[in-house]
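Written out below as structure tokens is the structure these notes cover.
Bear in mind these aren't lab numbers, they're just calculated from the coordinates by the rules spelled out. The model shown is predicted, which means the values in this text are computed figures rather than measured ones. Heads up, the Cβs are rebuilt from the backbone with ideal geometry, glycines too, and the neighbour counts pull from every protein chain shown.
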Amino acid sequence: MRKLIIDTDTGSDDAVALIMALKSANFKVEAITTVCGNVPLELATKNALMTIEVANGQKPPLYVGAAKPLMRDLVTAVNVHGEDGMGDCNLIHPTILPETKHAVDAILDIIENNPGEIEIVTIGPVTNIALAILKAPETMKKVKHIYTMGTSGFGPGNTTPVAEFNVYVDAEAYHIMLNSGIPTTIVGFDVCLGEAALNKDDLDVLLSSGKEEAVFSVKCNRSLLEYNLQRSNEHIVDLPDAVAMGVVLWDDIVLEDKLCYCYVCTQEAAAYGQVIINDGSKLAISDGFAGHTPNARVCKSIDNQLFKKRLLELLVS
Ligand code: RIB
Ligand code: CA
């Protein structure tokens, strides 16, 4: 059975990803760890606890992690996910509590107890992962794989023209993770758009299913839907973290991927959080990228219809 640790800044798309994993019987979620990002840490933690309660699946322990990025002040995405990160519709009243151990220590303990078996799924800023690498690099070398929702992939940024949110919140952490030597798969924002987003018909299927976790998945994304309607008049809910979790659960939805050398911009203010991905297709004559060893497998396209079919089936099952 595959063993996962899911690190999350539980906004509303994270919640769907968490439900997907918790309902997948052939995966053992060893722990959920929370990090600041979409919302401040306390809210991310409450949102994750509530999601565990409604998921109708496994009930893993939850550990609380970093309340701020490594070097910078926290930037949140409450303008997208709502002030509470979950649609501001009074959904969040958890009755369960987090563990007292810090998330970084929990991650290290679980890896030491399961050498070579743990797959870490990051669906928020990677501050906790970077702290674990800094604290115990030899332990982190025992991680089997990291799947990360992050970077803008081969498309534009969503937070700045060149930076995706999870990297933009803590680019230093992303640099540390990408250069740790841990086998890594990147699901960039670019493959989470278009037909990968849930449309009105998809949302109606979930709402009419009568399943608490399916209805919760729609309601908590109310702010995201409103954001999309106001911004582009599209009745869609794009769920990057759910797409990343789809790649973890169902690797066959990946149509194309490439081993790439990924460079995280941390110095130049205007490019902070940009991840320059060299897939080897460019004439790297003197750009300084030539000759670097690839440090991540980057997804270039996924089967959107297959992803959504499996997502809807899982949420209403
Ligand atoms: O850029 C999308 C990512 O940022 C997702 O993980 C979303 O939840 C936010 O954290
Ligand atoms: Ca997230």
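Write down Rg/Rh for the stretch 187-279, rounded to two decimals, with Rg from the C-alpha atoms and Rh from the Kirkwood relation over Cα pairs.
We get a ratio of 1.06 for the stretch 187-279.
Each residue of the stretch 194-210 in turn: what ³J(HN,Hα) in whole Hz from Karplus with 6.51, -1.76, 1.60 and θ = phi - 60°, glycine and Pro shown as x?
Using θ = phi - 60°, the values come out as x, 6, 6, 6, 6, 9, 4, 4, 4, 5, 5, 4, 5, 5, 8, 6, x Hz.
So which residue, out of GLY291, GLY124, GLY210, gets the largest mean-square fluctuation from a GNM of the chain using Cα contacts under 10 Å as springs?
Judging by the Gaussian network model, the answer is GLY291.
Multiplying the sequence separation of LYS135 and SER317 by 0.36 nm and subtracting their Cα-Cα distance, what value in nm do you get?
Between LYS135 and SER317, full extension yields 61.5 nm more.
What percent does the relative contact order of the chain come to when contacts are Cα pairs within less than 8 Å and at least six residues apart?
20
Give, rounded to the nearest 20 debye, the magnitude of the charge dipole that the stretch 194-238 has about its Cα centre when Lys and Arg contribute +1 at Cβ and Asp and Glu contribute -1 at Cβ.
Its charge dipole is roughly 180 debye.
Please report, in debye to the nearest 20, how large the charge dipole of the chain is about its Cα centre when each Lys and Arg carries +1 at its beta carbon and each Asp and Glu carries -1 there.
Details: 25 positive and 41 negative charges, 100 e Å.
Dipole about the Cα centre, nearest 20: 480 debye.
Which net charge results when you count Lys and Arg as +1 and Asp and Glu as -1 among the other residues whose beta-carbon is under 13 Å from that of CYS299?
My count for the surroundings of CYS299 gives -4.
I want to verify the translational diffusion coefficient of the stretch 214-267 in µm²/s; compute it with Stokes-Einstein, Rh as the Kirkwood radius over Cα pairs, at 20 °C and 1.002 mPa s.
Value of D from the Cα-based Kirkwood radius: 152 µm²/s.
Which of the aspartates and glutamates could be linked to LYS200 by a straight reach, that is with a Cα gap under 15 Å, when you skip same-chain ones fewer than 8 residues away?
Once the sequence-local aspartates and glutamates are set aside, what remains near LYS200 is GLU226, GLU234, ASP238.
Which value in nm describes the separation of the simple spin-label points at ASP105 and ALA269, placed 7 Å from the Cα toward the beta carbon?
3.9
What is the Cα convex hull volume of the chain when expressed per residue in Å³? Display every interim value, and only then the final one.
On the way: hull volume 38.6 nm³, N = 317.
Cα convex hull per residue, to the nearest whole number: 122 Å³.
Please give the contour-minus-distance gain from ASN113 to VAL75: 0.36 nm per residue of separation, less the Cα-Cα distance, rounded to one decimal in nm.
10.3 nm
Rank the residues HIS93, HIS145, HIS175 as a footprinting-exposure proxy: fewest other Cβ atoms within 10 Å of their Cβ go first.
HIS93, HIS145, HIS175
Specify which residue in the list TYR261, ILE276, PHE307 is farthest towards the positive end of the charge dipole of the stretch 233-317, using unit charges on the beta carbon of Lys, Arg (+1) and Asp, Glu (-1), about the Cα centre.
TYR261
Roughly how compact is the stretch 1-120, stated as its Cα Rg over 2.2 N^0.38 Å to two decimals?
Compactness ratio reported: 1.02.
Can you pick out the pairs among LYS142/LYS258; LYS3/LYS309; LYS282/LYS309; LYS68/LYS142; LYS59/LYS101 whose Cα atoms lie more than 28 Å from each other?
LYS282/LYS309
Collect residues whose amide H, placed 1.01 Å from N in the peptide plane, falls under 5 Å from the amide H of ALA296; neighbours closer than 5 in sequence don't count.
The answer is CYS260, CYS262.
Could you tell me the distance between the Cα centroids of the stretch 40-104 and the stretch 192-209, to the nearest Å?
Using only Cα atoms, the two centres lie 24 Å from each other.
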